[in-house]
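Undergrad: The following block contains the structure, expressed as structure tokens.
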Amino acid sequence: MAAKKLGNFTGNDIELCRTTNHNAGNQTVQALMDASIPFTKNCKKIPFFKRLQYNGADQMWVISINPHRYGQARRVIDQIDLMYRKRLMLTNY
């Protein structure tokens, strides 16, 4: 049986941002939900010997979106409180 597709989604999500701060990730997710932007939020484990680079964090949250909504998502992130926005590592697409 063929896999079902939703709209024109082809599974080629791009990374919007990363953060090791749980509160910054939750604030970003809430802002994207308020703007009705579909996203995925995944957790990546940071290897033990690389944790020094990430100030001792043991996991990183990666937020991905559809490439067609990237500009809209960046405008939403620009409206997030500066305290949380400084803790996001934004990607350039």
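Undergrad: May I ask you to list pairs of residues, at least six apart or on different chains, whose Cβ atoms are under 9 Å apart, with the first in segment 8-22 being modelled with pLDDT of 85 or more and the second being aliphatic (A, V, I, L, M) and open to solvent by 70 Å² or more (accessible area, probe 1.4 Å)?
TA: From segment 8-22, the pairs are Cys17/Met89; Arg18/Met89; Thr19/Met89; Thr20/Met89.
Undergrad: Please go through segment 50-87 and give me each residue that is touching a helix residue (DSSP H, G or I) at 6+ places or on another chain (Cβ under 6 Å) and in a loop (DSSP other than H, G, I, E, B), ordered by number.
TA: Ile80, Arg87
Undergrad: Something else now. Within segment 15-48, take every residue that is open to solvent by 60 Å² or more (accessible area, probe 1.4 Å) and part of a helix (DSSP H, G or I) and give me the one that is farthest from Leu88 (Cα to Cα).
TA: The residue in question is Phe48.
Undergrad: Could you please give the count of residues in segment 49-75 that are closer than 13 Å to Gln27 by Cβ and either at pLDDT 95 or above or open to solvent by less than 20 Å² (accessible area, probe 1.4 Å) (or both)? Give the steps one after another, and end with the answer.
TA: Just the residues of segment 49-75 that are closer than 13 Å to Gln27 by Cβ, to begin with: 61, 63.
Add one more test, that the residue is either at pLDDT 95 or above or open to solvent by less than 20 Å² (accessible area, probe 1.4 Å) (or both), and what stays is 63.
Adding up the residues that qualify gives 1.
The values are calculated or read from the model by the stated rules, or taken from the named source; none is laboratory data. These numbers come from a predicted model, not from an experiment. As a convention, Cβ positions derive from the backbone with ideal geometry for all residues, glycine included, and neighbour counts pool all protein chains shown. Note: areas computed on protein heavy atoms with side chains; ligands, DNA, RNA excluded. Shrake-Rupley method; radii C 1.70, N 1.55, O 1.52, S 1.80 Å.
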